[in-house]
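Encoded as structure tokens, the structure appears first; notes follow it.
The values are calculated or read from the model by the stated rules, or taken from the named source; none is laboratory data. Quick caveat, the model's predicted, so the values are computed rather than measured. So basically every Cβ, Gly included, is an ideal-geometry build from the backbone, and we count neighbours across all protein chains shown.
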């Protein structure tokens, strides 16, 4: 049997998952009107989380595949937990797209009516491919056969470009929309890739830290410090790209500057500045010093900052462009939300975008993440040798079978 | 397989009629019955087939100024679609958002569903449902009691202008007093009509379709594009044809924003603008000398001693008085018809009496009203006043349009009407294509201004008692009225200073109200009778209406909803109980047929059957093209000319227009220290008076009533858009949401008129309005006006 | 080819919202949604004005689906639910719509609305043109250029209903049509030309 703490973790995550499913059923019955989304801000927390988790899944696969592709031997040691994390995260990301659909019963229409010009179609393909590669990766890495290493090496040659592609395509869902000032930018794909790398790597560090603590998987401190160095580089690149984008928006003093004003001093400003502080400045200042990289506490702190910072980035990136409609004037956009069907006058309209997630969205988001965490734990216990040991210590009968 | 191909296939049908507790629409529609029962899913497959759409033509009954011809679609016994009729004339292939949104409003939860009996105090609004039997018995008994005790004149029927049928027979049979509105919408007409001799409360005998011939169109205090929105297209047609449009208005209205020039003016000073323009016309000799000699009273002789006119009067057999005035022919005074070229100016002696001409007096009088003075009063730059006068006089034909909002609701409105009448009189911009002055003819105007419908004949002894005094005066003066049969929301809409009205209502013996919706007047009633909308009738048809050269027929579209009845049915039942049954027509069809029996040749082709065949609309037999009145230059004044000198006003120093400030809302009123803002209630496009506040469709576009305030006034009070504000003065207070709008004039706050108390903090906007009736009212043709805009208030955050 | 479009004379638009209501009744649009809206340009309140009293301007602009020649919404739709039909209209096949709202993110005009809920109607039954498909919750909808009416050879309801006769409907591919002439003579422009969507709704003053 598993340890008490693990049991509690399973129980809590299980309850949260069930709550999330219940909330999702409620949403299916009532329609997406139970969320805070409306005609002005037609995407909300779900799509924000989708972007975030696609990114989080990257770190793992990039580390794992770099290990093989670029023969960074050290990284091979953490490849397995990294891919497990990547798999869990990409599943979570996929679920967020599904819960965001208004007509999930017609989702098969994507196959029959596949539209090759739709970035969403590209994304679905790439995410599926990515998931498949993750699974193949896991199969080969945990295989006992002799040629497993060679197969892993082959898969990793595909995994790395697919990983980069999955973030690029996700970026293109936004970055190709000329209609949204804050999204339409060639830098969106590189920005997503690098954000994916830093947030994914940061999450991997946090997870490795956690696994270390639980004893399921031991990672050498030296390796952690090395990964922390890579993380610092990613953060620096991220900061550079954000800087480029902001400068490009601001410089002409035109429409871009208005959008910039929304994110630097408007409604999404708290998220923008949180990202700058938590996602870029603080972690970089910590990790740039080798001595700090030796300090696992500081590394964990920096990683946590980065994860939160990148989440904030997803929020401002998504919502800033919904704030100011291109065709500006009262009464604005009819909201279409549940409340507005029964409301009158000014309550029905919004001249500028408004959005706040409802409890349903929050419960569903927590549920989906819990499900992802559950999946991660289950996979760890099934696949990580040390975890397997813990799991089977109370069940000797199973040990023989696993061995 | 119509069921399978239906776009509704597979949809759950929720059933409004069922939940509203209404009987199935008995229109004989396939499937209608199954749709109105709970177990329609058990019904045979055929019953699920789509009911055929039934198309019915009728017209929209409301008092917006148009009477839109409508094409209604009924499906499953419910109103499924409302469209404008497709009629060759633009005026009747139109229907605005209000008409279209009736599809929801007729099913409004604010409908009075059953007869009600008051159970609380009057005005408290506590009622219980009663049967029609009880309601009819009670009302009949109370009316009879009132007649027995005080006579028929003790009953007053105040009714809304929107009603097509105001129980005329019951009123006459009872010998009651009746009034649509006493003290509103006629005030500028008080001045204008004395000059022209028309008895139309300022409505000119013109058609807006004639504006394509107009070169200069000046609109003063008219937001045509909102208050007369069905005429919007004609203003644009005119502009495209080269008409230059000037809008004079304190508020930057929709119409102002579409005009070639917007002239902001100090509220209530229209008379000063006109007087300034008159001075400019006189100073620059832009008047038409030949015209004023031939067609106006300018050359008429007036005694300098007492201001009386030198004239011979005679009375014709039918009682009409005519006057032949003396003019100066260069050497002596002669009757006007004998002198082709009378002298316009000078002082003469006639039989030892010193005389002068009206024109000389005008010139003298106008010395008080220079363009510089007008500029100071109106805040319009002097150059602009002169230029406006020049355009009006020289770039002709010119049209001067006023409205029923604007200066009509200030105490000095008659002076404004009088002053404005000088402009067409001096320049001859009247009685010619493209010319005119006055209020837009609304639905009464055009050729059909003179239309004469027949009437259901009653024995000669049954006549209404003439109104003994203006209804606002009844509130504070002894009158014979003890019982009120109220049709519509008249207590709020037709009277200012609501608190005085309330005190009066408390003293009455009995009040019965018939209305469709639970509006504010209902709360003051002892018995409430639910009336159906104009789309619902018992009989095959409702009423007819003559409007804009046409006749329109109201057809039955729906069965009466809930327990409502038509006005006609209510009247019929009451007359039966009061012993007048024998005098009543059996149905509205009989009534309409009696109306269509007329000697007026315009109706020669019209019969009830033909009207039905023609989709409920026919053009009356009038010449093509827009109507232009007074083309013969004969006016209905005693002299037959445009009489700019109002001899009857001598005792009030208004024989020629002498400027007076508004009674309360004037610039240096000391009351402004306490109440610095002027409060105006303007008509907007979204409602008609007190109607449409319960339209969910309109309310989704423009919300509940709001007070609009200029940013500077708002800032001074720390107000933000969306704040609830208290509007108050010594008369009362109410509260409403405020909106900061640049279009509002600093110092003035405005809101849509006709709001419901439930949207304004339980009190009415009429709680603060001015109801002071001017002394001159006694001699004015339509009495004194209620100066509702002549109101000062303070606004603060609630 | 036929390429339907609308030209709107903004001077003749009085901002009365009759087009909005006519569209609502015609297309059985539930409460909380509208396909057409009339905005008071540049103002944060309906019937507001731009500038400072008395130097004010006001312009009403009716905005609905622009039926773009190069529709951003169609490009991004993953299922092909949004399509450009043979008469140049941008239409939605509601049976194919999965409710992903990619189209709403892509449309520069905010022309689309979404059935966030089970549609709520006042009055509580299907009204309007009965040949118009009823939409269920979870699908996007927008102006169809009154597909059902224009297929029958009628003009769109907003065109017929317009109080100021501001709207002209017709075939943009026919150089002799009234709309084509108006666009040429009155130097019509399109909304957000820089978006490259090539709208088939034109505006002029």
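Can you find even one residue in region B:665-675 that is more than 13 Å from every other protein chain (Cβ to nearest Cβ), at pLDDT 95 or above, surrounded by 21 or more Cβ atoms within 10 Å (Cβ to Cβ) and under 27 Å from residue A:350 (Cα atoms)? Checked region B:665-675: no residue is more than 13 Å from every other protein chain (Cβ to nearest Cβ), at pLDDT 95 or above, surrounded by 21 or more Cβ atoms within 10 Å (Cβ to Cβ) and under 27 Å from residue A:350 (Cα atoms). Among residues of region B:85-114 being facing chain C (nearest Cβ under 7 Å) and not in a loop (DSSP other than H, G, I, E, B), the one that is nearest to the chain's Cα centre (by Cα) is B:97.
For region C:118-132, indicate whether the set of residues that are in a helix (DSSP H, G or I), surrounded by 22 or more Cβ atoms within 10 Å (Cβ to Cβ) and either modelled with pLDDT under 95 or more than 9 Å from chain A (Cβ to nearest Cβ) (or both) is non-empty. If you could, list the steps in order and put the result at the bottom.
Quick first cut of region C:118-132, residues in a helix (DSSP H, G or I) only: none.
Within region C:118-132 (the criterion being in a helix (DSSP H, G or I), surrounded by 22 or more Cβ atoms within 10 Å (Cβ to Cβ) and either modelled with pLDDT under 95 or more than 9 Å from chain A (Cβ to nearest Cβ) (or both)), the answer is no, since none of the residues qualifies.
Going by the conditions given, is residue A:301 at pLDDT 90 or above, within 11 Å of another protein chain (Cβ to nearest Cβ) and assigned to a helix (DSSP H, G or I)? Walk me through it before giving the result.
On the way: at pLDDT 90 or above: yes; within 11 Å of another protein chain (Cβ to nearest Cβ): no; assigned to a helix (DSSP H, G or I): yes.
Criteria not met by residue A:301.
Of all residues in region B:275-329, those that are in contact with a helix residue (DSSP H, G or I) (Cβ under 9 Å, 6 or more places away or on another chain), surrounded by fewer than 24 Cβ atoms within 10 Å (Cβ to Cβ) and either assigned to a loop (DSSP other than H, G, I, E, B) or at positive phi (or both) total 9. Checked against the criterion of being in contact with a helix residue (DSSP H, G or I) (Cβ under 6 Å, 6 or more places away or on another chain), without any contact (Cβ under 8 Å) to a residue 60 or more places away in the chain, closer than 18 Å to residue A:246 by Cβ and assigned to a helix (DSSP H, G or I), region A:142-155 contains not a single residue that satisfies it. Taking region B:215-274 and the helices (runs of 4 or more DSSP H) fully enclosed by it, the elements with 3 or more residues that are touching a residue at least 40 places away in the same chain (Cβ under 8 Å) and outside the structural domain of residue B:750 (by the TED database) are at B:224-227. If you scan region A:309-337, which residues turn out to be facing chain C (nearest Cβ under 7 Å) and either without any contact (Cβ under 8 Å) to a residue 40 or more places away in the chain or in a helix (DSSP H, G or I) (or both)? Once the filter is applied, which keeps residues that are facing chain C (nearest Cβ under 7 Å) and either without any contact (Cβ under 8 Å) to a residue 40 or more places away in the chain or in a helix (DSSP H, G or I) (or both), region A:309-337 yields A:327, A:328, A:329, A:330, A:331.
Here residue B:134 clears all of (1) within 11 Å of another protein chain (Cβ to nearest Cβ); (2) surrounded by fewer than 24 Cβ atoms within 10 Å (Cβ to Cβ); (3) part of a helix (DSSP H, G or I) except the condition numbered (1). Based on what the data block shows, is residue A:26 closer than 29 Å to residue A:351 by Cα and within 14 Å of chain C (Cβ to nearest Cβ)? It is false that residue A:26 is closer than 29 Å to residue A:351 by Cα and within 14 Å of chain C (Cβ to nearest Cβ).
Looking only at region B:389-422, count how many residues are buried (at least 24 other Cβ atoms within 10 Å of the Cβ) and not in a loop (DSSP other than H, G, I, E, B). Matching residues across region B:389-422 total 21. Within region C:92-103, can one find any residue that is within 14 Å of chain A (Cβ to nearest Cβ), within 19 Å of the chain's Cα centre (by Cα), closer than 20 Å to residue A:106 by Cα and surrounded by fewer than 19 Cβ atoms within 10 Å (Cβ to Cβ)? Within region C:92-103, one or more residues are within 14 Å of chain A (Cβ to nearest Cβ), within 19 Å of the chain's Cα centre (by Cα), closer than 20 Å to residue A:106 by Cα and surrounded by fewer than 19 Cβ atoms within 10 Å (Cβ to Cβ).
Could you tell me how many of the residues in region A:110-121 are in a helix (DSSP H, G or I) and surrounded by 20 or more Cβ atoms within 10 Å (Cβ to Cβ)?
Pass one, region A:110-121, residues in a helix (DSSP H, G or I): A:110-112, A:119-121.
Narrowing further to those that are surrounded by 20 or more Cβ atoms within 10 Å (Cβ to Cβ): A:110, A:119-121.
So the count comes out to 4.
Scan region B:347-355 and tell me whether some residue there is over 24 Å from residue B:654 (Cα atoms) and surrounded by 12 or more Cβ atoms within 10 Å (Cβ to Cβ). Taking every residue of region B:347-355 in turn, at least one turns out to be over 24 Å from residue B:654 (Cα atoms) and surrounded by 12 or more Cβ atoms within 10 Å (Cβ to Cβ).
If only residues of region B:536-555 that are crowded, with 24+ Cβ neighbours inside 10 Å and assigned to a loop (DSSP other than H, G, I, E, B) are counted, the one that is modelled with the lowest pLDDT is B:548.
Report yes if residue B:454 is at positive phi and either assigned by the TED database to the domain that holds residue B:293 or in contact with a helix residue (DSSP H, G or I) (Cβ under 9 Å, 6 or more places away or on another chain) (or both), otherwise no.
no
Mind telling me which of the residues B:147, B:164, B:208, B:212 ends up being within 19 Å of residue B:629 (Cβ to Cβ) and surrounded by fewer than 21 Cβ atoms within 10 Å (Cβ to Cβ)? Even if it seems obvious, please write down each step before you answer.
Values: B:147 fails: within 19 Å of residue B:629 (Cβ to Cβ); B:164 fails: within 19 Å of residue B:629 (Cβ to Cβ); B:208 fails: surrounded by fewer than 21 Cβ atoms within 10 Å (Cβ to Cβ).
The conditions single out B:212.
Of all residues in region B:196-237, those satisfying the criterion of being over 21 Å from the mean Cα position of the chain (by Cα) and more than 12 Å from chain C (Cβ to nearest Cβ) are B:210, B:211, B:212, B:213, B:214, B:215, B:216, B:217. Looking only at residues of region C:104-114 that are part of a loop (DSSP other than H, G, I, E, B) and within 7 Å of chain A (Cβ to nearest Cβ), we find that the one that is surrounded by the most Cβ atoms within 10 Å (Cβ to Cβ) is C:107.
What about residue C:60, is it at pLDDT 95 or above, closer than 23 Å to residue A:348 by Cα and more than 7 Å from chain A (Cβ to nearest Cβ)?
Values: at pLDDT 95 or above: yes; closer than 23 Å to residue A:348 by Cα: yes; more than 7 Å from chain A (Cβ to nearest Cβ): yes.
For residue C:60, the condition - at pLDDT 95 or above, closer than 23 Å to residue A:348 by Cα and more than 7 Å from chain A (Cβ to nearest Cβ) - is met.
Residues checked against (1) out of contact with any helix residue (DSSP H, G or I) (no Cβ under 8 Å at 6 or more places or on another chain); (2) in a strand (DSSP E or B):
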{"site": "B:477", "(1), (2)": "yes, no"}
{"site": "B:491", "(1), (2)": "no, no"}
{"site": "B:530", "(1), (2)": "yes, yes"}
{"site": "B:534", "(1), (2)": "yes, no"}
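Out of C:13, C:77, which single residue is surrounded by 23 or more Cβ atoms within 10 Å (Cβ to Cβ) and at the interface with chain A (Cβ under 8 Å from one of its Cβ atoms)? Within the list C:13, C:77, the selection yields C:77. Would you mind stating whether residue C:137 is within 14 Å of chain A (Cβ to nearest Cβ) and part of a loop (DSSP other than H, G, I, E, B)? It is true that residue C:137 is within 14 Å of chain A (Cβ to nearest Cβ) and part of a loop (DSSP other than H, G, I, E, B). Of all residues in region B:493-511, those satisfying the criterion of being over 23 Å from residue B:793 (Cα atoms) and in contact with a helix residue (DSSP H, G or I) (Cβ under 8 Å, 6 or more places away or on another chain) are B:504, B:505, B:509, B:510, B:511.
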